[in-house]
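**Q** Questions regarding the structure given below will be posed in turn.
The values are calculated or read from the model by the stated rules, or taken from the named source; none is laboratory data. The model shown is predicted, which means the values in this text are computed figures rather than measured ones. Positions of Cβ are backbone-derived with ideal geometry, glycine not excepted, and every protein chain shown enters the neighbour counts.
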Amino acid sequence: MAAAEVSNKGVILKQFVTGCPTEDDLELVTGVVRLAVPPGSASVMVKNLYVSCDPYMRNRMSEHNEASYIEQFVPGEVLATFSVGRVVASGHPNFKSGDLVWGMSGCEEYTLITDPESLFKINHPELPLSYYTGVLGMAGLTAYAGFFDVSKPKQGDYVFISSALGAVGQLVGQLAKITGCYVVGSAGSDEKVFLFSAYSFFPRALYH
């Protein structure tokens, strides 16, 4: 039986951004996608259930004149982002139709992932799936590994966190408090400092 073809809405970058992004810099487009993978390939077709919108994506919207830690977006192409999805077709032995996964995907309804080695199978679907775009996803892994494996803190240590209201920083703050550390965080505005007061794990809040 031939694979079904369905409409596929996605968000593309229309032009490189300077300053704050506006609606004119992005566009919602509708295309058509075949729910199958190329014959003989190890690709995975995923239906995206949740997609993240993270601060680092802003940097990728600008044209880079110098090397950056991550590639810029390409105008006219769908934005790449972390997502949670369900496999609808697979040529990879580690994934089958129906599997729930998280990893780098597209800001669209369906994405053909040609590098499924970057996907992680979700083994605890009883947890809220949206958490895998944050605390149970890349931000959580970065916070946990950076704090416990690299910093190796102990109770009573003083911990300073820059960008403490960011996706990773806010998690490090909670891990530090759970460990029994004294935590100070910095943020870039009075508004962000005010938000700190809503989090009991920050006894002090500074800004620059």
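**Q** Which members of the stretch 101-129 meet the condition of being crowded, with 17+ Cβ neighbours inside 10 Å, aliphatic (A, V, I, L, M) and more than 16 Å from the chain's Cα centre (by Cα)?
**A** Within the stretch 101-129, L112 is the sole residue that qualifies.
**Q** Now for a different question. Quick check, is S97 surrounded by fewer than 17 Cβ atoms within 10 Å (Cβ to Cβ) and part of a strand (DSSP E or B)?
**A** Taking the combined requirement at face value, the residue does not satisfy it.
**Q** Here's a follow-up. Restricting to the stretch 106-154, what's the tally of residues that are assigned to a strand (DSSP E or B) and in contact with a Gly (Cβ under 8 Å, 6 or more places away or on another chain)?
**A** The number of residues fulfilling the criteria is 5.
**Q** Being farther than 22 Å from G134 by Cβ and surrounded by fewer than 17 Cβ atoms within 10 Å (Cβ to Cβ) is the filter here; which residues of the stretch 43-73 pass it?
**A** Answer for the stretch 43-73, where residues must be farther than 22 Å from G134 by Cβ and surrounded by fewer than 17 Cβ atoms within 10 Å (Cβ to Cβ): S62, E63, H64, N65, E66, A67, S68, E71, Q72.
**Q** Let me ask another. Scan the stretch 1-16 for residues that are at pLDDT 95 or above and either of a type in the set (G, A, S) or surrounded by 16 or more Cβ atoms within 10 Å (Cβ to Cβ) (or both) and jot them down.
**A** S7, N8, G10, V11, I12, L13
**Q** When you check V159 against the structure, is it outside any loop (DSSP other than H, G, I, E, B), touching a Cys at 6+ places or on another chain (Cβ under 8 Å), touching a residue at least 24 places away in the same chain (Cβ under 8 Å) and outside the structural domain of F82 (by TED's automatic domain parsing), yes or no? Walk me through how you get there before you give the answer.
**A** On the way: outside any loop (DSSP other than H, G, I, E, B): yes; touching a Cys at 6+ places or on another chain (Cβ under 8 Å): yes; touching a residue at least 24 places away in the same chain (Cβ under 8 Å): yes; outside the structural domain of F82 (by TED's automatic domain parsing): yes.
Answer is yes for this residue.
**Q** While we're on this one: Which one of the conditions (1) farther than 26 Å from P21 by Cβ; (2) in contact with a strand residue (DSSP E or B) (Cβ under 8 Å, 6 or more places away or on another chain) does P93 fail to meet, given that it meets all the rest?
**A** Checking P93 against (1) farther than 26 Å from P21 by Cβ; (2) in contact with a strand residue (DSSP E or B) (Cβ under 8 Å, 6 or more places away or on another chain), the one that fails is (2).
**Q** Which residue out of N94, N48, N65 is over 30 Å from Q170 (Cβ atoms), touching a residue at least 24 places away in the same chain (Cβ under 8 Å) and not hydrophobic (A, V, I, L, M, F, W, C)?
**A** After applying the criteria, what remains is N94.
**Q** Which residue is farthest from T142 (Cα to Cα), if the candidates are limited to the stretch 178-208 and must be in contact with a strand residue (DSSP E or B) (Cβ under 6 Å, 6 or more places away or on another chain) and at pLDDT 90 or above?
**A** So the residue we want is Y182.
**Q** Give, as residue ranges, the strands (runs of 3 or more DSSP E) completely inside the stretch 1-77 that count at least 3 residues that are farther than 22 Å from S118 by Cβ.
**A** 5-13, 26-34
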